1. Of all the residues that make up region 93-119, how many are among the acidic types (D, E) and not in a strand (DSSP E or B)?
2. Inspect region 84-92 for any residue being touching a strand residue (DSSP E or B) at 6+ places or on another chain (Cβ under 6 Å), modelled with pLDDT of 60 or more and not in a strand (DSSP E or B) and give the result as yes or no.
3. Taking into account only those residues within region 34-83 that are closer than 10 Å to G104 by Cα and buried (at least 17 other Cβ atoms within 10 Å of the Cβ), which is modelled with the lowest pLDDT?
Amino acid sequence: MKVKSTTKKLNLSLTLLPFIFYLFSFYGCASIKEAARGFAGISTKALEESRKDAIRKTFNYNYSACYDKVKAALQETGSYIYAQSKNKRMIAVYVSESDTTPVGIFLKMTGRNKTQIEISSPSTYGKETVAKNVFSVLEGTYKPKAEKGQPDEKKETGY
């Protein structure tokens, strides 16, 4: 019984081996990793490719402080961080936990205490929404939306 099970596993491995070899030789390890990430829904390749159309703004923070402030802004505004790398100088997010539109935030030092933020996405809506939220938090003008069931500040109560 044990021999039969081992034989089935060996046959399956030998059947898959040519396909695996083909993938490694033709695409290389980096592409396989990216394909696996894309399959899992967490690829950042599309975000990197859409950087040419990114929304850019420069802030008077050093890189480290800006990176930390951007992460705090994303949490405050309800974006969901699914990948981040301080070394790659990027943070990948979904617009929110329920809206899985991918958006990339790339940081680039442009001076001693100046950091440029680039917000990219294949979706214009996604990049504009996250840019508006992050930039307004960093500028100190962000106003959270009223929660459901709470009166809006602008509406009069009638009293």
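The values are calculated or read from the model by the stated rules, or taken from the named source; none is laboratory data. Owing to the predicted nature of the structure, the values given are computational and were not obtained by experimental measurement. Neighbour counts run over all protein chains shown; Cβ positions are idealised from the backbone, glycine included.
1. Looking only at that region, the number is 2.
2. Within region 84-92, one or more residues are touching a strand residue (DSSP E or B) at 6+ places or on another chain (Cβ under 6 Å), modelled with pLDDT of 60 or more and not in a strand (DSSP E or B).
3. T44
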